[in-house]
Amino acid sequence: MGNTEEKSSSQKALRVLIVGPAHPLRGGLATFDERLCKTFNDLGHHCEILNFSLQYPNILFPGKTQYSDEPAPKDIIINTELNSVNPFNWLAKGLKYKKQNYDFLVFRFWMPFMGPCLGSIARIVKSNKKTKILAIADNLIPHEKRAGDTLLTKYFINTTQALLTMSQSVMHDIDIHFPGKPKAYNPHPMYDSFGPAVSRETALKELNLDPSYRYLLFFGFIRKYKGLDILLESLAKSKYFNNATKKVKVIIAGEFYEDSKPYMDLIEKYNLQEHLILHTDFIQNSKVPNYFCAADMVVQPYHSATQSGVTQIAYYYNVPMLVTDVGGLAELVPHNEVGYVCQPNAEAVATCIDDFFDNNRYDIMKANVEVYKKNFSWNSLVEKLIGLYNNIKP
């Protein structure tokens, strides 16, 4: 950390605009953008966020609401002005922020649908010949593919001057689809903005859970690629969910972003009702510590992935984790040290769950998490972005 801070102090103060979701929008992208903005400001730069007044039309949004009812962060400036589907808005905001002469803009790019909006604004802003265009590319190839994805992605990415990714799999995608594009890798920083850890006893009391049980946690929006089906099928194969004397349950905490019926059918098929705690509403930020501090292990049995913010919440709360070997998940979870990396199938997940409890892995893995999480710094991410900016040729 010392070297990072020393470099920050020698870098002239920069004016930076992050273009992406923020409060009152909810979810991991908003949390990330707010934390990144705060880091820029903490390091002596001036950073604001250009947020969406309309992120998704309701017909395209799978959840119950796009908006948070929690208070806005007090220490950053959020300009909620951007309409993702209105070209007149793109023109107006592009012209407005072109005149602001920021040193660089950081666009969050996570799905092709945003390509026309973000690409149009980027083209207008950089025509001032001063502002550089960077992007954090969460995904280049979307988890759920649709016609036109490639064209929409190219429309945006072709206007950027450098990309930062948080997984090596996306780095590989850039090499294939945008060869020669300046890029850098930085692992997803650790989320430390949900509040301090609480004791297991306090967490269980807040969630009204029986302290005589041990708990696995599946956390976050429920979408097909996240593999809740794999987890449910693995429970049917694990001895810890086929034996009444094995006091283990699974907390499923997160809102369904698709039809819940296939999952409910699996629960009924395998008679898992008594083994599950279903909290399938949106989990407010203020409640996040309770779920992670109640858990013995976080389980992410994804079918596909790039990187995951859930992993970085687990690191902050010192919780071991199980991930499948897809995308960039394995990059962040040393196998048999801070958790498990296994194949994305029910048998492999069940084997790891059984090993975790059979061999009392919790204490040693938790200790390893506390050591390894020092690798995930927000300062490092800011320095990588500034390094990309400094290397963009006029």
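The values are calculated or read from the model by the stated rules, or taken from the named source; none is laboratory data. Quick caveat: nothing in here was measured; it's all calculated off a predicted structure. Virtual Cβ from ideal backbone geometry, glycine too; neighbours counted across all protein chains shown.
Tabulated results
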quantity	calculated
Residue satisfying all of: in segment 145-177; farther than 23 Å from LYS129 by Cβ and assigned to a loop (DSSP other than H, G, I, E, B); modelled with the lowest pLDDT among these	LYS145
Considering residues of segment 38-83 that are in a loop (DSSP other than H, G, I, E, B) and among the charged types (D, E, K, R) only, the residue modelled with the highest pLDDT	ASP75
Failed criterion for PRO301 (all others in (1) in contact with a Phe, Trp or Tyr (Cβ under 6 Å, 6 or more places away or on another chain); (2) in contact (Cβ under 8 Å) with a residue 40 or more places away in the chain hold)	(1)
Residues located in segment 187-222, provided they are out of contact with any strand residue (DSSP E or B) (no Cβ under 6 Å at 6 or more places or on another chain), surrounded by 19 or more Cβ atoms within 10 Å (Cβ to Cβ) and more than 19 Å from ARG35 (Cα to Cα)	ALA203, LEU204
Matching helices (runs of 4 or more DSSP H) fully within segment 181-296 where at least 1 residues are within 18 Å of the chain's Cα centre (by Cα)	228-237, 288-294
Some residue of segment 188-205 being at positive phi and outside the structural domain of PRO87 (by TED's automatic domain parsing)	yes
Filtered residues of segment 317-340 (kept if surrounded by fewer than 22 Cβ atoms within 10 Å (Cβ to Cβ), outside any loop (DSSP other than H, G, I, E, B) and not small (Gly, Ala, Ser))	GLU331, HIS335
